[in-house]
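Here's the structure, in C-alpha cells; my notes come after.
The values are calculated or read from the model by the stated rules, or taken from the named source; none is laboratory data. Predicted, not measured: the structure shown is a model, and the values here were computed from it. Cβ coordinates were reconstructed from backbone atoms using ideal geometry, including for glycine residues, and neighbour counts include every protein chain displayed.
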C-alpha cells in the first residue's frame with residue numbers, strides 16, 4: 001500500500017500514494033472494508049482538493065457497497081489572499097470592503113477575514129496591506145495580471161498615423177511653410 005510509514009493527513013498529501021478504497025483498506029479479494037476509525041485522505045481531482053476523512057460506521061459488516069455509512073470530514077484549509085472583493089487583485093477596493101465590514105462576524109476566511117478567525121479586525125487590514133498589489137489565484141494563470149495586447153488593426157492604424165505625421169513634418173521642412181501675415 002505504500003503509506004505505512006507516512007502520516008495519513010491532507011497536509012501530507014505530497015508524500016502519500018493514492019489508490020482505490022478496496023486496495024487501501026480491504027486488500028485484493030476482500031469481502032469488506034476495514035476502514036472504521038482509520039484516517040484517510042480523499043483527493044477531489046476535479047478541484048485538486050485533499051480532505052481528511054475518518055469513517056465512524058459502516059453497516060452490514062463492512063460489506064462494500066452496503067448503503068449507509070457515517071464519517072467525519074475535515075474542511076479544506078482556508079486560503080486567503082487579501083482579495084476581499086473577488087476581482088483577483090489586492091488593491092484599494094479590498095481596503096474599502098475591509099473598512100465597511102470592520103468589527104463584523106463572518107464565517108472563517110470569508111469577506112475581509114484575511115486572518116481567518118471569523119471577525120473582521122485590524123489584523124485583517126495588516127494581512128491585506130502585506131499582500132497589496134498581488135494578483136490573487138485565478139487572475140490569468142496565477143502568474144500576475146494579464147497585460148492588454150493591442151489588436152493588429154489598432155497597431156496598423158497607429159503606425160499609419162505616425163508615418164503620416166513624419167511625412168508631413170519632412171514635407172514642411174523641405175519646402176518651407178508659408179504663413180499668413
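Things to note:
- Counting residues in the range 50-62 that are at pLDDT below 75, on the phi < 0 side of the Ramachandran plot and surrounded by 12 or more Cβ atoms within 10 Å (Cβ to Cβ) gives one or more.
- Counting only helices (runs of 4 or more DSSP H) that sit completely within the range 70-181, those holding 3 or more residues that are modelled with pLDDT under 85 and out of contact with any helix residue (DSSP H, G or I) (no Cβ under 7 Å at 6 or more places or on another chain) correspond to 152-175.
- Subset tally (residues that are modelled with pLDDT under 80, within 30 Å of the chain's Cα centre (by Cα) and assigned to a strand (DSSP E or B)) for the range 32-49: 1
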